[in-house]
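The values are calculated or read from the model by the stated rules, or taken from the named source; none is laboratory data. The model shown is predicted, which means the values in this text are computed figures rather than measured ones. Because the Cβ atoms are built from the backbone with ideal geometry, glycine has one as well, and the counts that use them run over all protein chains shown.
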């Protein structure tokens with residue numbers, strides 16, 4: 001793959017990673033603050049926030065579908081891999097390329113249909129009951145999430161095409177039997193090597 005294309009793909013991945021993290025963190029914090037404020041108002045002032053449920057539903061949609069792109073980037077999808085794991089390396093590589101290609105196509109197809117649904121909602125001018133917020137803006141996150149997931153599968157496809165026998169679940173995630181998070185935890189819990197000063201001195 002030409003160097004300029006590789007650089008552009010890495011920059012695109014970096015930007016989308018930052019955007020996903022910002023949106024997910026912001027949405028979860030707002031949800032938590034909104035829920036706490038509603039509980040406080042209900043039990044202290046005997047008055048709930050009228051928009052709490054509606055706002056949380058909006059944020060749950062955002063977290064769910066932006067999270068789709070995030071877990072695809074991390075290669076954390078649940079997989080049924082009994083047959084895949086029994087294949088020789090070359091067949092696993094070919095299978096992963098097919099999976100990435102078909103998954104990317106499916107994500108973009110779903111994004112296209114979701115966009116059509118959003119356009120129909122926008123044309124009808126429907127708004128949410130409490131906040132009077134345009135309803136179609138709630139479902140824009142569905143389109144964005146499918147597009148982000150499709151981009152990640154596309155990046156995984158290109159990565160697998162341009163590496164040797166190594167199989168990649170995502171752009172930066174190598175297919176391994178060992179869970180990377182579990183491996184990292186095991187490294188953290190591993191006792192440190194004994195210091196030289198504690199080594200037994202040789203007897204004279």
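The set of residues in region 74-85 that are part of a loop (DSSP other than H, G, I, E, B) and more than 21 Å from residue 15 (Cβ to Cβ) comprises 77, 78, 79, 80, 81. Could you tell me whether any residue of region 100-121 is surrounded by 16 or more Cβ atoms within 10 Å (Cβ to Cβ), at pLDDT 90 or above and either over 23 Å from the mean Cα position of the chain (by Cα) or not in a helix (DSSP H, G or I) (or both)? Looking for residues that are surrounded by 16 or more Cβ atoms within 10 Å (Cβ to Cβ), at pLDDT 90 or above and either over 23 Å from the mean Cα position of the chain (by Cα) or not in a helix (DSSP H, G or I) (or both), one finds at least one in region 100-121, hence yes. Just one of (1) in a helix (DSSP H, G or I); (2) buried (at least 16 other Cβ atoms within 10 Å of the Cβ); (3) over 26 Å from the mean Cα position of the chain (by Cα) fails for residue 49. It is (1).
Applying a threshold of 8 Å to beta carbon distances and a minimum spacing of six or more residues, or different chains, the list of pairs starting in region 123-136 at a residue that is without any contact (Cβ under 8 Å) to a residue 40 or more places away in the chain and on the phi < 0 side of the Ramachandran plot and ending at one that is in a loop (DSSP other than H, G, I, E, B) and surrounded by fewer than 11 Cβ atoms within 10 Å (Cβ to Cβ) reads 134/125.
Of the numbered criteria (1) assigned to a helix (DSSP H, G or I); (2) under 14 Å from the mean Cα position of the chain (by Cα); (3) in contact (Cβ under 8 Å) with a residue 12 or more places away in the chain, the one residue 71 fails is (3). Pairing residues of region 78-92 that are under 27 Å from residue 67 (Cα atoms) with residues that are modelled with pLDDT of 75 or more and part of a loop (DSSP other than H, G, I, E, B), at Cβ distances under 8 Å and at least 6 apart in sequence or on separate chains, gives 92/167; 92/175. Scanning region 148-165 for residues being crowded, with 21+ Cβ neighbours inside 10 Å and out of contact with any helix residue (DSSP H, G or I) (no Cβ under 7 Å at 6 or more places or on another chain) gives a total of 1.
Let me spell it out: the conditions are (1) at pLDDT below 90; (2) within 30 Å of residue 96 (Cβ to Cβ); (3) surrounded by fewer than 16 Cβ atoms within 10 Å (Cβ to Cβ); (4) out of contact with any strand residue (DSSP E or B) (no Cβ under 8 Å at 6 or more places or on another chain), and residue 190 meets all of them except one. Which number is the exception? Here residue 190 clears every test but (2).
Against the definition (in contact with a strand residue (DSSP E or B) (Cβ under 9 Å, 6 or more places away or on another chain), at negative phi, surrounded by 11 or more Cβ atoms within 10 Å (Cβ to Cβ) and at pLDDT 80 or above), how does residue 174 come out, yes or no? The answer is yes for residue 174.
Can you find even one residue in region 130-147 that is exposed (fewer than 14 other Cβ atoms within 10 Å of the Cβ) and not in a loop (DSSP other than H, G, I, E, B)? No: zero hits.
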